[in-house]
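Notes to accompany the following structure.
The values are calculated or read from the model by the stated rules, or taken from the named source; none is laboratory data. All of these numbers come straight from a predicted model, not from anything done at the bench. Cβ atoms come from the backbone with ideal geometry, glycine included; neighbour counts cover every protein chain shown. Note: accessible area is taken over every heavy atom of the protein model, side chains too, but ligands, DNA and RNA are not part of it. Shrake-Rupley method; radii C 1.70, N 1.55, O 1.52, S 1.80 Å.
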Amino acid sequence: MLKPTRSLLYAKSGNLYDVLLLRFRQMRNPMRRSKLKTTLASFTSPSTTDMELTYFGHSAFQIETSGTTLLFDPFINDNPHAEGVVRAENLDPDVILLSHAHMDHWGDTPDIATRTGAQVVANFEIATYLGNNHGHENVQPMNTGGAFEFDWGRVVQTYARHSS
């Protein structure tokens, strides 16, 4: 599998939210992006589950943990930050998680999901659209405030002031 050459964060499972928030703030700032290759460091916690986080640019990132590959907001092929780093056809996730269906988040979801058979976790309307318009039935629809326990972890859909 193609490994992007941009910044990678190798971590141990733990308070992932804090790590992601800090790293995304750094990565979204073009002045800091070039420094990230040297500033990304290991994050450790009491857990023993190894995790690899790969940031592809904008909102697209992937987490490989406990034998499961999670791909978030796969805006890849038309994403200038991912150009020359990775193509959607090189990704093979087990699960695709979508925050919302704006093109810069939805991106390559139908193509990747159809090709890989990945489960898509998204709000009810997006999951229904994917099944009805792209024939992909391996979906887990969610509603705001709802939660679902998967073999690889728990997802809680939170409220965000953003349209879908």
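Values as computed for the structure displayed
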read-out	value
Solvent accessible area, Å² - R87, 1.4 Å probe, full protein context	110
Accessible heavy-atom area order of F75, F148, highest first, probe of 1.4 Å	F148, F75
Other-chain or far-sequence residues with amide H under 5 Å of H58's (modelled H)	none
Surface accessible to a 1.4 Å probe, V156 within the full protein complex, Å²	80
Extension gain, R161 back to R87 (0.36 nm per residue minus Cα-Cα distance, nm)	23.6 nm
Estimated FRET transfer efficiency (F124, T68; beta-carbon r; R0 30 Å; 0.05)	0.85
Nearest-10 value in Å² for the accessible area of Y55, using the 1.4 Å probe	20
Solution diffusion estimate, µm²/s, Stokes-Einstein, the stretch 86-163, Kirkwood Rh from C-alpha pairs, 20 °C, viscosity 1.002 mPa s	166
Whole-percent carbon and sulfur share, accessible surface of the stretch 52-164, 1.4 Å	47
Solvent-accessible surface ranking, highest first, for W152, W106 at 1.4 angstrom	W152, W106
Net charge contributed by nearby residues that have their C-beta within less than 15 Å of V139 (K/R +1, D/E -1)	-3
Extension reserve of the F150-N138 stretch, reckoned as 0.36 nm per residue once the Cα distance is removed	3.0 nm
Selected from V85, P141, F56, residue furthest toward positive end of dipole (the stretch 47-164; charges at beta carbon)	P141
